[in-house]
1. With the requirement that a residue be open to solvent by 20 Å² or more (accessible area, probe 1.4 Å), in contact (Cβ under 8 Å) with a residue 60 or more places away in the chain and either in a strand (DSSP E or B) or touching a Ser or Thr at 6+ places or on another chain (Cβ under 7 Å) (or both), what does the stretch 41-76 give you?
2. Within the stretch 95-103, identify whether any single residue is under 20 Å from E11 (Cβ atoms), in a strand (DSSP E or B) and not small (G, A, S), and answer yes or no.
3. Hey, among the residues in the stretch 77-121 that are open to solvent by 60 Å² or more (accessible area, probe 1.4 Å) and among the acidic types (D, E), which one's nearest to N52 (Cα to Cα)?
4. Name every residue in the stretch 46-59 that is more than 13 Å from the chain's Cα centre (by Cα) and within 23 Å of L20 (Cβ to Cβ), in order of residue number.
Amino acid sequence: MHFRVFVGAEEVDLVSVSPLHLPDGENTDPEIRQTVTLRRGVGSSRLFYDWNQSRVAGKQDHRAVTIVLLDGADGRPVNIWQLVNARPVRWSGPGLDAMTDGIAMEELEIAYDNIGWRSRL
(Lines give C-alpha, C1' and ligand atoms only; values in the text may rest on other atoms or scores of the structure.)
Protein backbone atom coordinates (compact mmCIF):
# COMPACT_ATOMS: atom_id res chain seq x y z
CA MET A 1 0.00 0.00 0.00
CA HIS A 2 1.17 3.51 -0.70
CA PHE A 3 -1.03 5.27 1.82
CA ARG A 4 -1.83 5.17 5.52
CA VAL A 5 -5.04 6.26 7.23
CA PHE A 6 -5.61 7.21 10.86
CA VAL A 7 -8.92 7.65 12.66
CA GLY A 8 -7.87 9.72 15.63
CA ALA A 9 -4.58 8.10 16.70
CA GLU A 10 -5.56 4.60 15.48
CA GLU A 11 -4.13 3.44 12.17
CA VAL A 12 -6.65 1.65 9.95
CA ASP A 13 -5.68 -0.75 7.15
CA LEU A 14 -7.75 0.16 4.10
CA VAL A 15 -8.17 -1.16 0.60
CA SER A 16 -9.39 2.17 -0.79
CA VAL A 17 -10.39 5.74 -0.06
CA SER A 18 -12.88 7.39 -2.42
CA PRO A 19 -11.89 10.76 -3.94
CA LEU A 20 -11.72 13.76 -1.63
CA HIS A 21 -13.68 16.85 -2.59
CA LEU A 22 -14.77 20.23 -1.33
CA PRO A 23 -17.83 22.22 -2.39
CA ASP A 24 -17.41 24.85 -5.09
CA GLY A 25 -17.88 27.70 -2.60
CA GLU A 26 -21.14 28.92 -4.13
CA ASN A 27 -23.38 26.41 -2.39
CA THR A 28 -24.30 27.37 1.19
CA ASP A 29 -26.91 24.66 1.75
CA PRO A 30 -26.00 22.96 5.08
CA GLU A 31 -27.69 19.74 3.92
CA ILE A 32 -25.06 19.28 1.21
CA ARG A 33 -21.96 17.79 2.73
CA GLN A 34 -18.63 16.46 1.64
CA THR A 35 -18.23 12.72 2.14
CA VAL A 36 -15.55 10.13 1.58
CA THR A 37 -15.88 6.35 1.76
CA LEU A 38 -13.29 4.24 3.55
CA ARG A 39 -13.21 0.57 2.47
CA ARG A 40 -11.47 -2.33 4.18
CA GLY A 41 -11.52 -6.08 4.66
CA VAL A 42 -13.59 -7.27 7.61
CA GLY A 43 -11.39 -8.35 10.50
CA SER A 44 -11.54 -8.37 14.27
CA SER A 45 -11.65 -4.56 14.62
CA ARG A 46 -15.13 -3.10 15.08
CA LEU A 47 -13.92 0.51 14.78
CA PHE A 48 -16.12 1.43 11.79
CA TYR A 49 -19.22 -0.30 13.12
CA ASP A 50 -18.86 1.07 16.67
CA TRP A 51 -18.17 4.62 15.44
CA ASN A 52 -21.28 4.49 13.29
CA GLN A 53 -23.31 3.05 16.19
CA SER A 54 -22.38 6.08 18.30
CA ARG A 55 -24.03 8.22 15.60
CA VAL A 56 -27.10 5.99 15.58
CA ALA A 57 -27.30 6.45 19.36
CA GLY A 58 -27.36 10.24 18.86
CA LYS A 59 -23.82 10.99 20.06
CA GLN A 60 -21.73 13.76 18.47
CA ASP A 61 -18.56 11.73 17.85
CA HIS A 62 -16.39 13.86 15.58
CA ARG A 63 -12.84 12.69 14.96
CA ALA A 64 -9.83 13.68 12.93
CA VAL A 65 -9.21 11.41 9.95
CA THR A 66 -5.73 11.68 8.46
CA ILE A 67 -4.77 10.28 5.05
CA VAL A 68 -1.05 10.05 4.32
CA LEU A 69 0.16 9.49 0.73
CA LEU A 70 3.51 7.68 0.78
CA ASP A 71 6.46 7.77 -1.58
CA GLY A 72 6.37 4.36 -3.26
CA ALA A 73 10.15 3.94 -3.17
CA ASP A 74 10.83 4.27 0.55
CA GLY A 75 7.47 4.90 2.20
CA ARG A 76 8.06 8.50 3.27
CA PRO A 77 5.05 10.84 3.54
CA VAL A 78 4.54 12.93 0.41
CA ASN A 79 1.15 14.55 1.11
CA ILE A 80 -1.06 14.57 4.20
CA TRP A 81 -4.78 15.37 4.18
CA GLN A 82 -6.67 15.86 7.44
CA LEU A 83 -10.46 15.68 7.38
CA VAL A 84 -11.81 18.18 9.91
CA ASN A 85 -14.74 17.15 12.16
CA ALA A 86 -15.17 13.77 10.46
CA ARG A 87 -18.26 11.80 11.46
CA PRO A 88 -19.93 8.66 10.12
CA VAL A 89 -23.05 8.91 7.97
CA ARG A 90 -23.37 5.33 6.68
CA TRP A 91 -21.86 1.92 7.42
CA SER A 92 -22.14 -1.02 5.01
CA GLY A 93 -21.28 -4.57 5.98
CA PRO A 94 -20.10 -7.37 3.74
CA GLY A 95 -22.08 -9.04 1.01
CA LEU A 96 -21.53 -12.78 1.34
CA ASP A 97 -21.63 -15.21 -1.58
CA ALA A 98 -20.51 -18.85 -1.24
CA MET A 99 -20.00 -19.01 -5.02
CA THR A 100 -17.10 -16.52 -5.01
CA ASP A 101 -13.66 -16.30 -3.45
CA GLY A 102 -13.99 -12.60 -2.57
CA ILE A 103 -12.90 -10.96 0.65
CA ALA A 104 -15.62 -9.78 3.05
CA MET A 105 -15.49 -5.96 2.93
CA GLU A 106 -17.00 -3.17 4.99
CA GLU A 107 -17.37 0.51 4.13
CA LEU A 108 -17.78 3.60 6.24
CA GLU A 109 -18.96 6.79 4.59
CA ILE A 110 -17.92 9.83 6.60
CA ALA A 111 -18.83 13.49 6.29
CA TYR A 112 -16.36 16.26 7.13
CA ASP A 113 -16.37 20.04 7.39
CA ASN A 114 -13.09 20.83 5.67
CA ILE A 115 -9.79 19.38 4.47
CA GLY A 116 -6.35 20.48 5.58
CA TRP A 117 -3.55 19.61 3.14
CA ARG A 118 0.18 19.59 3.84
CA SER A 119 2.86 18.68 1.35
CA ARG A 120 6.03 16.95 2.51
CA LEU A 121 8.01 17.41 -0.73
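The values are calculated or read from the model by the stated rules, or taken from the named source; none is laboratory data. In this text, all values refer to a predicted model and were calculated from it rather than measured experimentally. Virtual Cβ from ideal backbone geometry, glycine too; neighbours counted across all protein chains shown. Protein only, heavy atoms only, side chains kept; ligands, DNA and RNA dropped before computing areas. Shrake-Rupley method; radii C 1.70, N 1.55, O 1.52, S 1.80 Å.
1. Listed by number, the residues that qualify are G41, T66, L69, L70.
2. To start, the set of residues in the stretch 95-103 that are under 20 Å from E11 (Cβ atoms) comprises 103.
Add one more test, that the residue is in a strand (DSSP E or B), and what stays is none.
There is no residue in the stretch 95-103 that is under 20 Å from E11 (Cβ atoms), in a strand (DSSP E or B) and not small (G, A, S).
3. Per the criteria, the residue is D113.
4. Here is the first cut: in the stretch 46-59, the residues more than 13 Å from the chain's Cα centre (by Cα) are 46, 50, 53-59.
Answer for the stretch 46-59, where residues must be more than 13 Å from the chain's Cα centre (by Cα) and within 23 Å of L20 (Cβ to Cβ): just R55.
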